[in-house]
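This report refers to the structure that appears directly beneath it.
The values are calculated or read from the model by the stated rules, or taken from the named source; none is laboratory data. If you're wondering where the values come from, they're calculated on a predicted model, not measured in any experiment. Every residue, glycine as well, gets a Cβ built from its backbone with ideal geometry; the counts of neighbours run over all protein chains shown. Please note that ligands, DNA and RNA were not included when accessible areas were found on the heavy atoms of the full protein model with its side chains. Shrake-Rupley method; radii C 1.70, N 1.55, O 1.52, S 1.80 Å.
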Amino acid sequence: MSREEDNKAIVVRWFTDFWGDKVNLDVVDEIAAPDMLMKYSLHEPRRGHADIKEFMRDFRAAFPDLAFGATADLIAEGDYVVGQWEGGGTHTGPAFGDFIAGSLPANTGRKMRFTGTTVLKVVNGKIVEEIGLDDGVACLTQLGILKTA
């Protein structure tokens, strides 16, 4: 298998085990570099295993049905893998304050569904960066954090 195919397999596992409908936080220790950077437009950047796990625990507590899935084949070149996705969930859990633009009180019942593109850098079998651009305006509008004109 080529380096690109190996890297795509690692990213498929990350998308399935970390971002899929059933989270397995052990995947962070297994395939993320110890100082991995995770950065999305909706949230403050996260770095390292503990910080990334805390983010996902809080996100999933607030949105218990949170799930994301691929919408196109992965593209790989060298150390980089690019994926398109869509996903979301329903806010039925505790208050959530991790959005850069605002917070949600507990159990709003609001649904979010949005899309994005993510670039992951994989070095020596470990994800060192996950940088994503998501449709934050759609997400935050659906959640009532941003108001429409």
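What nm distance separates the two modelled labels at residue 119 and residue 147, each placed 7 Å from Cα along Cα→Cβ?
According to this spin-label approximation, the distance is 3.6 nm.
Kindly express, to the nearest 10 degrees and within the range 0 to 90, the angle between helix 49-62's C-alpha long axis and the longest C-alpha principal axis of the chain.
Value to nearest ten degrees: 40.
Given 37 °C and 0.692 mPa s, compute D for the chain with the Stokes-Einstein relation, Rh being the Kirkwood radius over Cα pairs; round to the nearest whole µm²/s.
Reported coefficient: 210 µm²/s.
Report the gain in length on full extension from residue 54 to residue 111: 0.36 nm times residue separation, minus Cα-Cα distance, nm rounded to one decimal.
The residue 54-residue 111 span can extend by a further 18.3 nm.
Using the Cα centre as the reference, give the magnitude of the dipole from point charges on the C-beta atoms of the chain (Lys, Arg: +1; Asp, Glu: -1; all else neutral), rounded to the nearest 20 debye.
It works out to roughly 540 debye.
Which of 78, 89, 132 moves the most in a Gaussian network model of the chain with Cα springs under 10 Å?
78
Among 75, 31, 52, which one shows the biggest mean-square fluctuation in a GNM of the chain, springs joining Cα atoms closer than 10 Å?
The residue with the greatest mean-square fluctuation here is 75.
Per residue, how large is the accessible surface of the chain? Use a 1.4 angstrom probe and give square angstrom.
Per-residue value: 50 Å².
For the chain, set up a GNM with springs between Cα atoms under 10 Å and report which of 101, 67, 32 has the largest fluctuation.
101
Taking only C-alpha pairs under 8 Å that are 6+ residues apart, what is the relative contact order of the chain in percent?
24
Between 0 and 90 degrees, rounded to the nearest ten: what's the tilt of helix 3-17 against the longest Cα principal axis of the chain?
So the inclination is approximately 30 degrees.
Taking amide H positions as placed 1.01 Å from N in the peptide plane, with prolines and chain starts having none, which residues 5 or more places from residue 33, or on another chain, fall under 5 Å of its amide H?
Long-range HN contacts for residue 33: 127, 128.
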